[in-house]
1. Work out how much length Ile90 to Ala118 would gain on full extension: take 0.36 nm times their residue separation and subtract the Cα-Cα distance, in nm to one decimal.
2. Calculate the translational D of the range 38-158 in whole µm² s⁻¹ from Stokes-Einstein, where the hydrodynamic radius comes from the Kirkwood formula applied to all Cα pairs, the temperature is 10 °C and the viscosity 1.306 mPa s.
3. Can you tell me the order of 63-72, 126-135 when each peptide is scored by its average per-residue count of other Cβ atoms within 10 angstrom, highest first?
4. Between Glu155 and Asn97, what length comes free when the chain is fully extended (0.36 nm per residue of separation minus the Cα-Cα distance, one decimal in nm)?
5. Sort Leu75, Leu101 by heavy-atom solvent-accessible area, probe 1.4 angstrom, most to least.
6. Rg/Rh for the range 112-158: what does it come to with C-alpha atoms and Rh from Kirkwood?
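The values are calculated or read from the model by the stated rules, or taken from the named source; none is laboratory data. This is a predicted model, so every value here is computed, not measured. Backbone-built Cβ (ideal geometry, glycine too); neighbour counts: all protein chains shown. Just the protein is used for accessible areas: all its heavy atoms, side chains included, with ligands, DNA and RNA removed. Shrake-Rupley method; radii C 1.70, N 1.55, O 1.52, S 1.80 Å.
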Amino acid sequence: MERTIKLVLIFCAVIFSSSAFCAEQIMVQPLSNLNATQTINVNRETTQPAVSPTVPQMIPFEKCTKKYMIPVDKLYFLALASVNANKFFIDEIQSKNGYILFRAANRNFMVSVSKVDAKSAIIKVVPADNNYFFPLGILTNFYKYIDLNINTPIENLG
């Protein structure tokens, strides 16, 4: 009986935490021992379902930029390799200005690589139409490739 009451209270806490009533802590008193109390912490982040990286959502600009402690030319080549490895369609490559135009999920994106100082560079992956409602997986896969291959040396094949 005691377990059933606890289960019902936990279930109610989860349901009420997503509605207007939200309890941060719920005091539960078992029937067998009225002097002992237990505190159950309700975490708001775990009660909400996780959004899939393939579902379009509003992306903040802060997630579109990332700073790396590598030279700008190496970051540009890693960005180009990331676009190619993720099988995005490359529309235009401009190596002098440091930008790449590509298509992913029926959207146009622009990658811009800029020099911060001699040992660091910043990269921006932004939608070309300035509409930040797109799947987060595009950014995570793009940056994941760069993070995994950041220590790979650049080789001249020619």
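1. Working: separation 28, 0.36 × 28 = 10.08 nm, distance 2.81 nm.
Computed gain between Ile90 and Ala118 is 7.3 nm.
2. Working: Rh = 15.7 Å.
In µm²/s, the coefficient rounds to 101.
3. Numbers: 63-72: 15.8, 126-135: 13.5.
By packing density, highest mean first, the sequence is 63-72, 126-135.
4. Working: separation 58, 0.36 × 58 = 20.88 nm, distance 2.16 nm.
Contour length minus Cα-Cα distance gives 18.7 nm.
5. Values: Leu75 0, Leu101 45 Å².
Descending order: Leu101, Leu75.
6. Details: Rg = 13.8 Å, Rh = 13.1 Å.
In the range 112-158, Rg relative to Rh is 1.05.
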